[in-house]
Amino acid sequence: MMASSPEFGRFWIVSAYFLAFCARYGFSRQILYSVSEEVSPGTFVGNLARDLNLKVDELESRMLRIVSGSTKKHFDVNIKTGALYVLDTIDREELCPNSNACTESLEAILNNPLNVYSIEVKILDINDNKPAFSVKSQNIRISEHTLPGAKFALLAAEDPDVGSNSVSTYKLSTNPFFNLEVNAEADSAPYPELVLQKALDREKQAELQLVLTALDGGKPQRSGTTNIIITILDANDNAPVFAKQLFKAQVLENTAVGAVILKLNATDPDEGVNGEIIYTFKQGQKGIADKFALNSNTGEITVAGILDYEEANAYEILVEARDRGQSPLASHCKVLVEILDLNDHAPDIKLSSLLDNVREDAKKGTVIAFITVQDKDGGKNGKVHCFVSQNSPFVLESTQGKYYSLVLNGALDREENTLYNVSITATDEGVPPLSSTAVLTVHISDVNDNAPRFPESSLNVYVEENSPAGALIASVSAQDIDFGENAQITYSLLSNANMPLSSAVSINSVTGEMYSMQSFNFEEIKTFQFKVQATDSGVPPLSSNVTVNIFILDENDNSPVFLPPYSEPGSVNSENIPYSAEAGYFVAKIRAVDADSGYNALLSYHMTETKGTNLFRIGTSTGEIRTKRRMSDNDLKAHPLIITVSDNGEPSLSSTMSIEVVVVENMDSVQPSLRQVPVKEENFSNLNLYLLIAIVSVSVIFLLSLIALIAAKCYGTDGDFSSSSAPVVTTHPDGSWSYSKSTQQYDVCFSSDTLKSDVVVFPSPFPPADAELISINGGDTFNTTQTLPSTTKVSDLYMYIFAYRQQTFVECVNKVLTPYSPYDFVMRNCAHF
């Protein structure tokens, strides 16, 4: 190929600008440029930004790109300036063979919003090919008797260039016998013919050698030559004659090999061998022998190869008819074979993905891919309809002609579908229709649209009291259905205003395992609450919380403690009783408390008499010391007692105290031992307040009941009153008093120690020494472990025991209950009541 001169290049550049100017103002959305073939890469073609009225600073953000319809990309655009330039060297003869006009279709595509502009670049031919003959020499046999004026067809030269750059004329070397006649038809290239000007004489010259030169019309002009060898034969008077000089035929592409297309007919008036005609293809016709065959005897032209409309839609064939004379004569004709199209090509789908990954929050109308659909067939066979698979959130929108856009038409959710295999089917209008399918895989990228989720909104954790610091107490786990960093969860503790969490609990931010930072004391804290937050690593991060309730389970780590007045360290505890005390005489009441709860705080009292007199007994649940029998002269005056109080824990813990009971003759001479326990006003506890309220309540209820009972007896019927003796109220030496009638007596006992608030009510006679009394006090309500004498109704006893159990259970619940204590935690500590 010959490079263009600088003046020639400037000419074509000016032409390109002129054509671009015309295209800009001649079409609304279609641009026409032209550029010469063989220009160097980087050659400027046109300014797209200016011609499409686009802003240069928006080209990069709108992702301006050039899509070519050809397999090789020859053009590209500079997104910085908007200039369209040549990317690779263009050979017009390679790009558009056998075509006079050569145009490459381009599409300029912009996003946000999507715009598609059609660009037609006309490839201008330059004279870079010289004419060439398919053979180096042509042999012509002419009879010496041929008259002047006879014409002999010559094989024409071929030039891949078009227009004025193709073959325009021929020139024959100088000779005395032949002239050259160049014939030109409107729809074909010029072809040369030899015209005999002077009669030949074989005896003088049997052979002539001429040179035929083909010239094109380019600048500079190029040429090609072939040798013509003329052999002079002896006389043969008549040459064969064809019925017409041009034959036309039509044949379907893909017609079977061997099918007859056309039968030629030529006649020769000579007789014998001079009249026998032989048909042949003119030598040097490129590609004809591969597609067609000619029967030399019959003149039938048949199909010899595969005919493809998309490869060539017509063939021009030169046929020679020659007789068999010793000096054969010949004539020529032209056969034009037109190839008819069949629907033998399915549509071709080319996908150009604009987005590698589509965000799951992409808006409706987002362009996913650009699709080009072409069909090599013509007419209806080349008209294509395109559609996508159903049940897909994507639709196809036709942008221009053969171009489509795949557009998002619905909401995406990566958690439901991580990718979509979108099937795109193109079907033509041929009979039968042909279709093709292409699959575009659309990957959905994750967006942090799901917060971590815990299985439950709250978690109850039970921790043993005195468990070591650093022990694993529980583990939380949350799930996040997002992907990647959006699903990576870290755990943290939310601050608690009631207590510093950092000193109580820590959490592993990765695994969610929670560890105790200290050893918990049930007596100091029974339960506490905090929240654990699970946060993902997305942008922005999302989080959720779970409420953790920590319940401390009690251990038996506290021994019972005696309450005043017997709790003073180093004090000597003593009580006085009269010598005349009866069996069941109330001596003292021992009180103790245990800081633990449940069974660990359920206390029992036991007593040991060091002298072995077996004079006293103690209520195992009430702590009341009473006499078992009356005094005798043999009994000691002083009785040391050892009191042990034990809890029901495992193992059981206990405390011991001693008390001395002194027997006196006359209680009047002994001042009651009233110990004033110093109580600091600021230490007045809730327990003291509850005891005081209970004492007052029980006293008031008792007095009201007693008054009502007396009133009922006094104002009864006359018959009843006369039949019964007057009621008697008796005061006993131990400070108790009784109300009695002839049929019934009720004894009410008060402790001689005014600090005690016990009231004992039982029917007369007094219970035996081994019987347990029913005690009513501010702290216990009804406490009993023994059966009353038979004079008390068993149903009343059951009622008292049930009332006691119920009250004790309520007190336990009030002790351990918090606003968010679960049922199993309460029952675990109080079910034994």
Averaged per residue, the 1.4 Å probe accessible area of region 526-622, protein heavy atoms only, in Å², is roughly 38 Å²
Whose amide H sits under 5 Å from the amide H of Asn115, counting only residues 5 or more places off or on another chain, with H placed in the peptide plane?
Leu110
Run the 1.4 Å probe and let me know the accessible area of His385, rounded to the nearest 10 Å².
100 Å²
Dipole magnitude of region 87-244, debye to nearest 20 (Cβ charges: Lys/Arg +1, Asp/Glu -1, about Cα centre):
600 debye
With every protein chain kept in place and ligands, DNA and RNA left out, what is the accessible area per residue of region 166-240? Probe 1.4 Å, answer in Å².
52 Å²
What percentage of the solvent-accessible surface of region 242-360, computed with a 1.4 Å probe over protein heavy atoms, is contributed by carbon and sulfur atoms?
47 percent
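Go through Lys73/Lys380; Lys611/Lys637; Lys130/Lys334 and tell me which ones have a Cα-Cα distance over 18 Å in this structure.
Correct reply: Lys73/Lys380; Lys130/Lys334.
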At a probe size of 1.4 Å, how large is the accessible area of Asp449, to the nearest 10 Å²?
80 Å²
Counting only protein heavy atoms and leaving out ligands, DNA and RNA, the solvent-accessible surface of Thr656 at a 1.4 Å probe, in Å² to the nearest 10, equals 90 Å²
Could you tell me the ratio Rg/Rh of region 288-409? Both radii from Cα atoms, Rh via Kirkwood.
1.34
Carbon plus sulfur, as percent of the 1.4 Å-probe accessible area of region 487-545, comes to 50 percent
Using the alpha-carbon centroid of each, what span in Å lies between region 209-253 and region 102-161?
18 Å
In region 166-219, carbon and sulfur make up what percent of the accessible area (probe 1.4 Å)?
46 percent
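Per residue, what volume in Å³ does the Cα convex hull of region 35-110 take up?
Dividing the Cα hull volume of region 35-110 by its residues yields 85 Å³.
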Cα-based Rg / Dmax (Å) for region 387-493
25.3, 90
For region 441-514, what does the equivalent ellipsoid look like in terms of its semi-axes, each the square root of 5 times an eigenvalue of the Cα gyration tensor, given largest first in whole Å?
33, 12, 11
What list of whole percents do you get for P(r) of region 475-515, with Cα-Cα distances grouped in 10 Å bins up to the one holding the largest distance?
26, 45, 22, 6
Pseudo-spin-label distance Glu207 to Ser580, built 7 Å along Cα→Cβ, given in nm, is 18.2 nm
proj_area_mean for region 310-367 (convex hull on C-alpha atoms), units nm², value 8.7 nm²
Based on the mean of other Cβ atoms within 10 Å per residue, sort peptides 241-250, 433-442, 41-50 so the most packed one is first.
41-50, 433-442, 241-250
Accessible area of region 265-356 divided out per residue, in Å², using a probe of 1.4 angstrom
47 Å²
In nm, give the distance between the simple-model label positions of Glu665 and Leu636, each being 7 Å from the Cα along the Cα-to-Cβ direction.
2.2 nm
Cut-off under 5 Å, modelled amide H: who pairs with Leu553 long-range:
Val463, Glu464, Glu465
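The values are calculated or read from the model by the stated rules, or taken from the named source; none is laboratory data. Everything numeric in this text was worked out from a predicted model, so none of it was measured. As a convention, Cβ positions derive from the backbone with ideal geometry for all residues, glycine included, and neighbour counts pool all protein chains shown. Just so you know, the surface numbers come from the protein's heavy atoms only, side chains and all, with ligands and any DNA or RNA stripped out. Shrake-Rupley method; radii C 1.70, N 1.55, O 1.52, S 1.80 Å.
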